[in-house]
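Q: Provided herewith is a single structure, encoded as structure tokens, for subsequent inquiry.
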């Protein structure tokens, strides 16, 4: 991969994703070498074309597991923040917050709990979900059709995703997450099994 220029890390990542040939391993090393705030700035510099391209080029690159989203060192019900950027025209910066439920193996959890934190949450609802591994494709599925039965005390009340305005935002949705680097994943949204042509990129806190 050629050098992408001397601009900001975000500008460099955008430039790399616009090249005709992209090596996922080089993208991963580039992101891994950045400080956390630089990584967040990088992923929030990506628009729709770059996110779509990134989702495509990392397919099959490296597996992502639940322990990559919530490290085993975190306690049960201790949240892990993932800073995000989606391809919606407005309010595109958001967070997905994950935690591990109680009683499971921290090194091999069967599922994670989570919700979406963003400006419009009071209107759209918290968008709770359960995340599980797709063992065949080595990806993670964020399933809004399932709701946690418990949550950390600091998280909002669990509300269904098939009622009110939440139905149009999170209803019948399943997101697919792919690994980009140690801290970064890229996701694609589908409703009722149909791809929506909508992407988002996440950066896990350190």
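Q: What residue, among those in the range 157-171 that are exposed (fewer than 14 other Cβ atoms within 10 Å of the Cβ) and in a loop (DSSP other than H, G, I, E, B), is modelled with the lowest pLDDT?
A: Across the range 157-171, the extreme among qualifying residues is 165.
Q: Right, something else. For the range 122-144, which residues satisfy the criterion of being out of contact with any strand residue (DSSP E or B) (no Cβ under 7 Å at 6 or more places or on another chain) and either assigned to a loop (DSSP other than H, G, I, E, B) or closer than 17 Å to residue 99 by Cβ (or both)?
A: Correct list: 125, 135, 136, 137, 138.
Q: Which of the following residues is under 18 Å from residue 189 (Cα atoms) and under 15 Å from the mean Cα position of the chain (by Cα): 67, 58, 40?
A: Going through 67, 58, 40 in turn, just one is under 18 Å from residue 189 (Cα atoms) and under 15 Å from the mean Cα position of the chain (by Cα): 58.
Q: Taking only pairs six or more apart or across chains, which ones have beta-carbon atoms under 7 Å, a first residue in the range 1-20 that is on the phi < 0 side of the Ramachandran plot and assigned to a loop (DSSP other than H, G, I, E, B), and a second residue that is at pLDDT below 55 and loosely packed, with under 12 Cβ neighbours inside 10 Å?
A: Within 7 Å, the pairs are 19/2.
Q: How many of the residues making up the range 95-109 are in contact with a helix residue (DSSP H, G or I) (Cβ under 9 Å, 6 or more places away or on another chain) and free of Cβ contacts under 8 Å to residues at least 40 places away in the same chain?
A: 3
Q: In a loop (DSSP other than H, G, I, E, B), within 14 Å of the chain's Cα centre (by Cα), closer than 25 Å to residue 162 by Cβ and at pLDDT 95 or above: is that true of residue 84 in this structure?
A: No.
The values are calculated or read from the model by the stated rules, or taken from the named source; none is laboratory data. Since this is a predicted model, take the numbers as computed values, not measurements. Positions of Cβ are generated from backbone atoms using ideal geometry, with glycine treated the same way; all protein chains shown enter the neighbour counts.
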